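Let me begin by presenting the structure, written as structure tokens, before commenting on it.
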Amino acid sequence: MYRDDDVARTERASSLIDEIAGLERKKVSHAATDHRLDEARRELAALQAPTPEAPPRPPSVIVHLVVFGVTAGAAYLGYTLLI
């Protein structure tokens, strides 16, 4: 074997190690990006989810009093007009 073959083989191995390291960094970065994308999609879906509507509130005491007053007034007016 020639001495130059060992040097060339060592340089090629070093080059491949550097290339593998770069590809691994890209792979990890891509995985982090995919994770963030999934997280952002879940957050958006949660924000866009329809919120359940609150049940209608029952009428307050004031509304009952107003309705009673109007009804009493109408009954009084009707009674006085009929007599």
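List of remarks:
- Restricting the stretch 21-54 to residues that are open to solvent by 100 Å² or more (accessible area, probe 1.4 Å) and part of a loop (DSSP other than H, G, I, E, B), the residue that is modelled with the lowest pLDDT: THR51
- Just one of the listed residues (ASP18, ASP4) is over 28 Å from the mean Cα position of the chain (by Cα), open to solvent by 90 Å² or more (accessible area, probe 1.4 Å) and modelled with pLDDT of 85 or more, namely ASP18.
- Summed over the stretch 55-72, residues that are surrounded by 10 or more Cβ atoms within 10 Å (Cβ to Cβ) and among the hydroxyl-bearing types (Ser, Thr, Tyr) total 1.
- Failed criterion for TYR79 (all others in (1) of a type outside the set (Lys, Arg); (2) outside any helix (DSSP H, G or I); (3) loosely packed, with under 10 Cβ neighbours inside 10 Å hold): (2)
The values are calculated or read from the model by the stated rules, or taken from the named source; none is laboratory data. All figures in this text were calculated on a predicted structure; none of them were measured in a lab. Glycine also receives a Cβ, built like all others from the backbone with ideal geometry; neighbour counts cover every protein chain displayed. Surface areas here come from the heavy atoms of the whole protein model, side chains and all, with no ligands, DNA or RNA. Shrake-Rupley method; radii C 1.70, N 1.55, O 1.52, S 1.80 Å.
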